[in-house]
Amino acid sequence: MTDTQHVVPYWRLSRFYFFYYAVLGAVVPYWSLFLKEAGFSAQDIGWLTALMASTRIISPNIWGWVADRTQQRIKVIQVGAFLGFAFCLGLFVARDFFWMALVTLSFSFFWNAILAQFEVLTLEHLHDKRSTYSHVRLWGSIGFIATVMGLGLAFDAINVIHLPIFMVLFLALVWFSTLGVDERRFSHAHTEKRGLWNILKHPAVIAFFVVYFLLQIAHGPYYTFFSIYLENLEYSRTAIGQFWALGVVAEVGLLLCMHRVIGRFKLRHIMLFSLLMTTLRWLMIAFFADQWWILMLAQCLHAFSFGALHAAGIEVVQRLFSGGHEGQGQALYIAVGFGAGNAVGAGLSGYLWSSPGPSMTYAVAAGVSGVAMVIAFVWFRAESFR
């Protein structure tokens, strides 16, 4: 089949994102509540969340290297998805800190390895229709919304200690969703082949990774303690699920038109505006989370703090690492931002949460994203991302 005859397997790609982000819809809002219910302290919760994020530093790079060398990307994805499901079963064995740490490291090592490679596979299937990536990716947001809303209602009726049941179920569905996806490759024979080091040492590339590292540090208090924060403010778990879902609904709305946004505006401008909105969002959550209508506005800014910045980041990486390094480029993006950044952010928020307290923790997050915006303003230039 020639490239012009290739039919994009839209639904097969989309269902992976749906179930992958359904796992996130179970973990991100309710993991901290589950750990709190299991008797862990704020510092323990911070450490266990950081451990889950830390595997994104190593595993995507290892599996990205293997996938780029073997060109068996879908097999790498399938093995990682199955092992992530299998090791998550360990959550049913014991609940002491060291066993939980071991299980968290084990299942997340494989689960976190597969997303970067599936991003590359999706972009290879889309090929010259890359601008429509957001139409595939939005199904991940829909999966997140469905899960966070459904579990919010469920955990008002049953104990959140049952969270591992849903995690294992969704991880199994992630694995099944990979079985119907085919490999897709394009020749890079006519593309200038640059060494990976030559790409990495470019100032704009360094600045890009620093900005996304800081961006995810700033998300640390949100991903680790947002549900606990709202519960302490006497919101119900149904309401907590609705606030999480609202943010992702806003993200979906933006993703539906993101291909037009990227076509009309420079990536530099999209990033700068989104970083400004991110800083504003953390300030609103820091000082006005007890006002439900301000909290709703803050959650709508998730469209920028995650949706726009992630879609722009994927596009930037694909441009910067073209010519055979796409897998390692996406792996580095996941590792530096969602791995190292989330791990540092989760760990720091665990220490800051008790003193100086939740509001100041989110204020610090706003300061970190503000620094990221300054770095982006100074170092991101339009010519860097052509």
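For residues that are in contact with a helix residue (DSSP H, G or I) (Cβ under 8 Å, 6 or more places away or on another chain) and modelled with pLDDT under 80, scanning just region 323-338, find the one that is farthest from Ile62 (Cα to Cα). Selected residue: Gly324. Answer yes or no as to whether Ala154 is part of a helix (DSSP H, G or I) and modelled with pLDDT under 85. No.
For the subset of region 286-307 comprising residues that are of a type in the set (A, V, I, L, M) and under 20 Å from the mean Cα position of the chain (by Cα), which member is farthest from Gly253 (Cα to Cα)? Among residues in region 286-307 that are of a type in the set (A, V, I, L, M) and under 20 Å from the mean Cα position of the chain (by Cα), the one farthest from Gly253 (Cα to Cα) is Ala298.
To keep it simple, each residue is scored yes or no on (1) within 18 Å of Leu214 (Cα to Cα); (2) among the hydrophobic types (A, V, I, L, M, F, W, C); (3) out of contact with any Ser or Thr (no Cβ under 6 Å at 6 or more places or on another chain); (4) in contact (Cβ under 8 Å) with a residue 12 or more places away in the chain.
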position: Gln291; (1), (2), (3), (4): no, no, yes, no
position: Gln299; (1), (2), (3), (4): no, no, yes, yes
position: Ser305; (1), (2), (3), (4): yes, no, no, yes
position: Ala308; (1), (2), (3), (4): yes, yes, no, yes
position: Gly313; (1), (2), (3), (4): yes, no, yes, yes
position: Val317; (1), (2), (3), (4): yes, yes, yes, yes
position: Asn342; (1), (2), (3), (4): yes, no, yes, yes
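For Gln5, the conditions (1) modelled with pLDDT under 90; (2) on the phi > 0 side of the Ramachandran plot are fulfilled apart from (2).
The helices (runs of 4 or more DSSP H) found entirely in region 208-322 that carry 3 or more residues being aromatic (Phe, Trp, Tyr) are 220-232, 267-288.
Scanning region 337-381 for residues that are aromatic (Phe, Trp, Tyr) and either in contact with a strand residue (DSSP E or B) (Cβ under 8 Å, 6 or more places away or on another chain) or in a helix (DSSP H, G or I) (or both), which turns out farthest from Phe304 (Cα to Cα)?
Restricting attention to region 337-381, the residues satisfying the condition of being aromatic (Phe, Trp, Tyr) are 338, 351, 353, 362, 377, 379-380.
Then drop every residue that is not either in contact with a strand residue (DSSP E or B) (Cβ under 8 Å, 6 or more places away or on another chain) or in a helix (DSSP H, G or I) (or both), which leaves 338, 351, 362, 377, 379.
Numbers: Phe338: 16, Tyr351: 27, Tyr362: 17, Phe377: 17, Trp379: 20 Å.
If we take residues in region 337-381 being aromatic (Phe, Trp, Tyr) and either in contact with a strand residue (DSSP E or B) (Cβ under 8 Å, 6 or more places away or on another chain) or in a helix (DSSP H, G or I) (or both), then Tyr351 is farthest from Phe304 (Cα to Cα).
For region 243-292, which residues satisfy the criterion of being of a type outside the set (A, V, I, L, M, F, W, C), under 23 Å from Leu151 (Cα atoms) and buried (at least 19 other Cβ atoms within 10 Å of the Cβ)?
Gly247, Glu251 - these are the residues of region 243-292 that are of a type outside the set (A, V, I, L, M, F, W, C), under 23 Å from Leu151 (Cα atoms) and buried (at least 19 other Cβ atoms within 10 Å of the Cβ).
The values are calculated or read from the model by the stated rules, or taken from the named source; none is laboratory data. What you are looking at is a predicted structure, and each value in this text was computed from that prediction instead of being measured. Quick reminder, even Gly has a Cβ in these numbers, built from the backbone with ideal geometry, and neighbours come from all protein chains shown.
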